[in-house]
Amino acid sequence: MTYKHGVYCREVPTSILPPRRISAGIPVVFGTAPIEGQDVTDRKINEPVLCYTYSEFERAFGYSGDWEKYTLCEFARSQFGLFGVAPVVFINVYDPAVHTSGDPAEPDPSKVTSADIIGGITDGEPTGLELVDRVFPDFRLIPGIICAPGWSDDPAVAIAMAAKTRQINTLFECCMVMDISTDTVPKYTDVPAFKNDNNLTDANMIVCWPKVRLGDETFHMSTQLAGLMGSIDGLSGDIPYRSPSNSLLYMDSAVAGDKEISLGLEQVNYLNGQGIVTALNFIGGWKAWGNRTACYPSVTDPKDAFIPINRFFSWHSNTFITTYFQKLDWPITRRLIQTIIDSENIRLNGFRSMEILLGGRIEFLEDENPVTDLMDGILRFHTYLTPPCPAKEIINTLEYDPTYLSNLFS
């Protein structure tokens, strides 16, 4: 041992850890883009591309107003041009060299199919929805909302999207937004049956109907809802605890098929009661209308059935993972356990003070940590938290009180 004579200092890890900040509502969007005019070596095909601005999107993919052929352009227009929310991860599955009509020298984006969006593993490389797992390794950003406007109205695509919201990189969780096709289901009364018949009932799934129109532009409602959710998150400290319902959309009419439709409060509430988000023009202009995920009404657990509570649980879980990943493989000591407990309780108390939570706490319970688990290097914490439910009903009881007639004689 080295002989020492003097004054020395050493450092120990901070006992309180600040949380890692993550963006709650980052969309990961799958679709097609007009890349035919680009040099072959510059084409982004089945490759996640992070864009913060409209110009970055155009440089990466080009732009076209033909949104039926090039669905990513619709999302870029809404996200950057209307809601002003960034960033977005875009994934184009259209390959002009593969998706052709007859002569290989005349590319045809209409040859892209739902199977291209769903994707898989081709020659050892992920394609389509499998690329969700590339987002965090590539950009250190956790997916917040999985989108595929123009494609998610295929139930097979929607179910595959819902499956990809869980176990992202084996760790993370998010939600997805989808549409029910107004061409297939033009009447609002038929929408719930289509939803149930096609098993569109996942807790991480947000189902939208109909389309929305602004001037000459028609958007899938899932496109605008994703922008609205990101906008509300931005106004809420990047914490997804508020519902997008009763907030303004950029639209001047609702569209089913080629026709404008008008839905009253009774009709939109019928859709809400079946776990479907829609649009309402009632007081204050056109607004998103609905708080429920697709699992409602068969599942009524607030953690699963309310959009903001479902999203908060996923966000809180993702934040916990990214914050304490740095503590993996440390020796299991009382100091390690107390560091996690203290750090989390400080954060939860802060949420309670800001009324983001009604209450919350984390505990390390002896009966949930058997000796055999501790011997195997396993620590189990238990977090109790209660995000506020959206006030979907406000009721005021009016009663005639005859005692005030005495005021006539004052």
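The values are calculated or read from the model by the stated rules, or taken from the named source; none is laboratory data. Predicted, not measured: the structure shown is a model, and the values here were computed from it. Note that each Cβ is placed from the backbone with ideal geometry, even for glycine, and that neighbours are counted across all protein chains shown.
Things to note:
- Residue satisfying all of: in the range 21-30; in contact with a Gly (Cβ under 6 Å, 6 or more places away or on another chain) and of a type in the set (Gly, Ala, Ser); nearest to residue 226 (Cα to Cα) among these: 25
- Of the helices (runs of 4 or more DSSP H) lying entirely inside the range 298-410, the ones with 2 or more residues being of a type outside the set (S, T, N, Q) and over 23 Å from residue 241 (Cα atoms) are found at 334-353, 371-375.
- Any hit, the range 247-263, residues being in the same structural domain as residue 184 (by TED's automatic domain parsing) and at positive phi: yes
- The listed residues are 163, 105, and the only one of them that is surrounded by fewer than 19 Cβ atoms within 10 Å (Cβ to Cβ) and either within 26 Å of residue 207 (Cβ to Cβ) or touching a Gly at 6+ places or on another chain (Cβ under 9 Å) (or both) turns out to be 163.
- First in the range 293-315 and surrounded by fewer than 18 Cβ atoms within 10 Å (Cβ to Cβ), second anywhere and in a helix (DSSP H, G or I) and polar (S, T, N, Q), Cβ under 8 Å, 6 or more apart: 303/310
- Residue count for the range 200-233 satisfying the condition of being part of a loop (DSSP other than H, G, I, E, B) and of a type in the set (Asp, Glu): 2.
- Only one of the listed residues (97, 115, 86, 33) is at pLDDT below 95, more than 17 Å from residue 231 (Cα to Cα) and in the same structural domain as residue 151 (by TED's automatic domain parsing). That residue is 97.
- The set of residues from the range 246-267 being outside any strand (DSSP E or B) and surrounded by fewer than 23 Cβ atoms within 10 Å (Cβ to Cβ) comprises 246, 247, 250, 252, 257, 258, 262, 263, 264, 265, 266, 267.
- Within the range 210-235, the set of residues being over 21 Å from residue 254 (Cβ atoms) and free of Cβ contacts under 8 Å to residues at least 60 places away in the same chain comprises 235 only.
- Odd one out for residue 157, checked against (1) crowded, with 19+ Cβ neighbours inside 10 Å; (2) part of a strand (DSSP E or B): (2)
- Put simply, of 378, 337 the only residue that is surrounded by 12 or more Cβ atoms within 10 Å (Cβ to Cβ) and of a type outside the set (Ser, Thr, Tyr) is 337.
- The range 166-183 - residue that is in contact (Cβ under 8 Å) with a residue 40 or more places away in the chain and part of a loop (DSSP other than H, G, I, E, B) and, of those, nearest to residue 83 (Cα to Cα): 174
- Against the numbered list (1) without any contact (Cβ under 8 Å) to a residue 40 or more places away in the chain; (2) crowded, with 22+ Cβ neighbours inside 10 Å; (3) within 16 Å of residue 297 (Cβ to Cβ), residue 207 comes up short only at (1).
- Residue within the range 186-201 that is of a type in the set (Gly, Ala, Ser) and either surrounded by 19 or more Cβ atoms within 10 Å (Cβ to Cβ) or over 30 Å from residue 261 (Cβ atoms) (or both) present: no
- Residue 186 being more than 24 Å from residue 79 (Cα to Cα) and in a helix (DSSP H, G or I): no
- Every condition in (1) closer than 27 Å to residue 69 by Cβ; (2) out of contact with any Gly (no Cβ under 8 Å at 6 or more places or on another chain); (3) without any contact (Cβ under 8 Å) to a residue 60 or more places away in the chain is met by residue 132 except one, and the failing one is (3).
- Some residue of the range 275-284 being surrounded by fewer than 19 Cβ atoms within 10 Å (Cβ to Cβ) and within 16 Å of residue 188 (Cβ to Cβ): yes
- Neighbours by Cβ (under 8 Å, 6+ apart or cross-chain): first from the range 51-68, under 12 Å from residue 90 (Cα atoms) and at pLDDT 95 or above; second hydroxyl-bearing (Ser, Thr, Tyr) and assigned to a loop (DSSP other than H, G, I, E, B): 57/63
- Set 356, 362, 276: member being touching a strand residue (DSSP E or B) at 6+ places or on another chain (Cβ under 9 Å) and not assigned by TED's automatic domain parsing to the domain that holds residue 195: 362
- Matching residues in the range 156-199 - criterion: being among the small types (Gly, Ala, Ser) and under 18 Å from the mean Cα position of the chain (by Cα): 158, 160, 162, 163
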